[in-house]
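Since every read-out is calculated from the coordinates, none of them should be taken as a lab result. This structure is a prediction, so every number in the text was calculated from the model and none was measured. In this analysis, Cβ positions are derived from the backbone assuming ideal geometry, glycine residues included, and neighbour counts consider all displayed protein chains.
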Amino acid sequence: MASYRDFLDYAESFYSQAKQASELGQGTVAERSLIASLLLSWIAMESFINNMMADFAALPPDMFSLPERALLTEQKLEFMDSGSEAGQFRVSDTPEYRRLEDKILFLVAKFGMGTKLDKGGHLWQSFEAVREKRNQITHPRKSYDMSLILADAEDALEVAKAIIRMVSEKVWGKAIGL
Amino acid sequence: MQILFDSGAKHNPNVETEVNQFLAEVKTREQESNSPIIIYQDGKKGSYYIKCTIPAKVVCNFLDLNARLDPTNDASYRANRELLLKHHTYLRMRTDAEEGREFHDLIVEYSKVYNPGKPLKVWGGQHRSKAIQEALEVKDVSRDHGFRVYFGLGKEQRTDLALVSNTNISVSNDLFDRQLEETLVGTQLREWCVRVGLLNQGEDFPDQASRSERISVQLARTFLVNFFRGEAEGAKLDERELDRHVYEPYLCQSGAFLDPEYEEVIRRLGKGLWDNPQLIQSGKAFALLHQTQRDAVEKGKDIEKRKGFKNKALTASVLTGWSFVAGLLQSHPQRLNNLFQIPKATREFPDPLNAKGMSTFHHDEDEATYRGLGTRSSMKDRQRMAQVFLAKSTSPDTCLDKGLLNKAVSQVRAIRSWKSGYSPL
């Protein structure tokens with residue numbers, strides 16, 4: 001299974017292709033390479049964050065509260081109204097996927113050694129801009145103008161690396177080489 | 001013939017008597033030229049020695065290449081490293097000797113306590129001595145060679161001489177370990193390894209572990225130290241607490257000094273250490289795991305016959321992790337029993353330790369150059385392997401598949417983060 005490093009490499013590779021195609025005036029080739037690059041940057045972040053969540057989910061269950069456990073495992077928290085657990089909450093087997101930004105916020109809040117994530121800061125603002133582009137690609141609509149330029153893919157790559165670095169520093173206490 | 005004590009040597013009549021005996025038996029060039037023989041004394045250890053020149057045709061019959069650290073103990077094995085008679089350096093030495101090269105500063109001890117027919121026990125220059133012997137035997141070449149002959153050595157002086165002589169030829173730490181073990185501790189560690197099945201009867205620790213497929217002195221010591229460290233730690237933890245810690249298996253130092261942790265275990269537990277039933281049981285279980293892994297790789301169809309795969313159990317991180325957890329679980333018998341069960345092999349991996357799966361393992365925190373689990377001796381890898389065996393101990397029929405490796409390493413990473421930065425609700 002590819003790791004976040006592989007996804008970043010793929011994203012860089014598609015970015016280079018897009019740049020080259022753009023210089024040669026091959027608009028269609030450039031566009032599809034930009035789409036691939038931007039999505040792969042997002043996937044790299046997802047991969048890194050999901051694996052970090054899985055690390056914590058591997059700990060004994062009672063080390064976390066039920067809502068935390070539900071978030072870590074991306075499973076639904078449900079209220080039992082029958083059976084032996086009636087009247088209690090439990091983490092069910094039903095998947096409930098969470099937004100990447102929620103997972104980042106949780107990891108930093110819980111394991112960031114008391115540091116906070118500055119949502120008004122440059123990094124988070126850039127992250128939200130990349131997320132917007134990514135949503136436009138994955139949920140295309142006639143009403144969107146989905147035009148991508150090289151800078152969008154370049155920004156996505158930089159944001160992915162910066163987010164991975166920031167979370168690893170806050171949670172693991174060390175910056176990883178990218 | 002005149003025998004004098006050097007100005008830096010304290011007069012010792014016993015040594016003088018031994019020197020006289022030596023000169024009566026071995027004819028040196030100094031005797032022929034009626035030059036005085038001077039007895040020197042080493043300033044650090046107080047050992048007495050003379051310098052002399054002896055022709056090959058005289059000395060060859062007296063040389064003993066199987067010098068022992070403990071002359072009075074028949075269980076004491078040959079102390080020097082194995083002769084490398086096909087090594088290019090040795091072949092060059094032999095050619096040189098055959099062409100008349102004269103060697104100097106060969107280090108020998110005069111002793112008739114064992115093998116009295118060959119009283120010159122070689123401590124430094126065993127390859128040169130062998131080359132001199134072969135040149136005489138094969139080409140009838142006899143030249144004069146320079147010797148330092150030691151007399152009346154005590155155990156500590158002999159070990160020091162062996163270490164210093166071997167330092168000159170840059171031998172491995174494994175040989176130092178073997179020599180120190182026998183001198184300062186005895187033969188018990190080797191006997192313990194034979195008893196549990198980690199060495200065969202009559203087998204000794206290797207003088208160069210990287211070339212051998214046997215357990216080294218360093219690893220055998222490490223096994224013992226970790227068992228007792230783990231045992232002490234486990235006694236403080238209840239069942240629920242076991243999986244909430246990152247443990248730090250220890251790797252004994254190797255080389256010219258006895259590892260302090262090992263020394264402490266020996267001092268604290270005394271002779272009872274070697275008969276400790278729990279330690280013996282764990283040693284046997286580990287030996288069985290090692291043998292099963294070897295058999296699986298040797299006989300398995302779908303696995304590369306790599307030495308590293310075959311001897312996976314003897315890599316530092318695997319051995320330290322396993323022995324620590326074996327100690328840790330002494331207070332938790334059910335989980336100990338689960339640990340002792342050989343991990344199941346599957347169609348995907350035929351060996352119990354899943355050597356290939358370990359070698360391709362990679363966590364997101366690892367650098368791109370990381371070579372996989374159970375390949376290095378770093379603390380990070382030792383911690384991870386301890387967690388792997390701890391996870392294995394949760395049920396009797398667990399196999400070391402990718403899921404278990406992932407879970408164990410995730411736990412190590414997550415517990416570290418938890419302990420350093422968790423903010424409760």
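Give the relative contact order (percent, whole number) for the stretch B:286-425; include only Cα pairs under 8 Å separated by 6+ residues.
On the way: 189 pairs, mean separation 37.5, N = 140.
Answer for the stretch B:286-425 is 27 percent.
To make sure I understand, if each residue's beta carbon is the centre and we count other beta carbons within 10 Å, what order do A:R69, B:R68 fall in, fewest to most?
Result, fewest neighbours first: A:R69, B:R68.
How large is the dipole of chain B about the Cα centre if only Lys and Arg carry +1 and Asp and Glu carry -1, each at its Cβ, rounded to the nearest 20 debye?
The dipole of chain B has a size of about 980 debye.
On a C-alpha basis, how far is the centre of the stretch B:300-364 from the centre of the stretch A:110-178 in Å? Whole number, if you could?
Centre-to-centre (Cα) distance: 40 Å.
Starting from the stretch B:303-372, pick out the GluC sites (Glu not before Pro) whose DSSP state is loop and whose Cβ has at most 15 other Cβ atoms within 10 Å.
Hits after loop and neighbour filter: B:E304, B:E348, B:E367.
Output ³J(HN,Hα) for the stretch B:109-121: one whole-Hz value per residue in order, computed from phi by the Karplus curve 6.51 cos²θ - 1.76 cosθ + 1.60 with θ = phi - 60°, and x for Gly and Pro.
For the stretch B:109-121, the Karplus-derived couplings read 10, 8, 8, 10, 5, 9, 6, x, x, 10, x, 9, 7 Hz, x marking Gly and Pro.
Can you spot the lysines whose alpha carbon is less than 28 Å from B:K86's alpha carbon? Ignore those fewer than 8 places along the same chain.
The reachable lysines, counting only those whose Cα sits under 28 Å from B:K86, are B:K57, B:K118, B:K121, B:K130, B:K139, B:K305, B:K307, B:K310.
Identify the trypsin sites (Lys or Arg not before Pro) of the stretch B:339-368 meeting these criteria: DSSP loop state and at most 16 other C-beta atoms within 10 Å of the C-beta.
Details: sites: B:K344, B:R347, B:K356; in loops: B:K344, B:R347.
Sites meeting the loop and neighbour criteria: B:K344, B:R347.
If one computes the Cα centroid of the stretch B:1-43 and of the stretch A:1-67, what distance in Å separates the two points?
80 Å
Per residue of the stretch B:173-186, in order, report the coupling 6.51 cos²θ - 1.76 cosθ + 1.60 (Karplus, θ = phi - 60°) as ³J(HN,Hα) in whole Hz, putting x for Gly and Pro.
5, 4, 6, 4, 4, 5, 5, 5, 4, 5, 6, 8, 10, x
Hey, what did chain B get for relative contact order, percent, Cα under 8 Å, at least 6 apart?
12 percent
Using alpha-carbon pairs under 8 Å, 6+ residues apart, how would you state the relative contact order of the stretch B:7-77 in percent?
For the stretch B:7-77, the relative contact order is 27 percent.
Please enumerate, by chain and number, the aspartates and glutamates with C-alpha under 13 Å from the C-alpha of A:K19, excluding those fewer than 8 residues away in the same chain.
By straight Cα distance, A:K19 reaches A:E31, A:D152, A:E154.
Given the pairs A:K133/A:K161; A:K76/A:K133; B:K356/B:K380; A:K116/A:K161; B:K10/B:K51; B:K301/B:K380, which span a C-alpha to C-alpha distance of over 21 angstrom in this model?
Numbers: A:K133/A:K161 17 Å; A:K76/A:K133 28 Å; B:K356/B:K380 19 Å; A:K116/A:K161 19 Å; B:K10/B:K51 17 Å; B:K301/B:K380 32 Å.
The answer is A:K76/A:K133; B:K301/B:K380.
Sequence neighbours fewer than 8 away in the same chain don't count; with that in mind, list the aspartates and glutamates whose C-alpha is under 17 Å from B:K112.
B:E16, B:E18, B:E25, B:D64, B:D70, B:D74
Each residue of the stretch A:103-120 in turn: what ³J(HN,Hα) in whole Hz from Karplus with 6.51, -1.76, 1.60 and θ = phi - 60°, glycine and Pro shown as x?
Per residue, the Karplus-derived 3J(HN,Hα) values read 5, 5, 4, 4, 4, 5, 5, 7, 10, x, 6, x, 7, 10, 8, 8, 6, x Hz.
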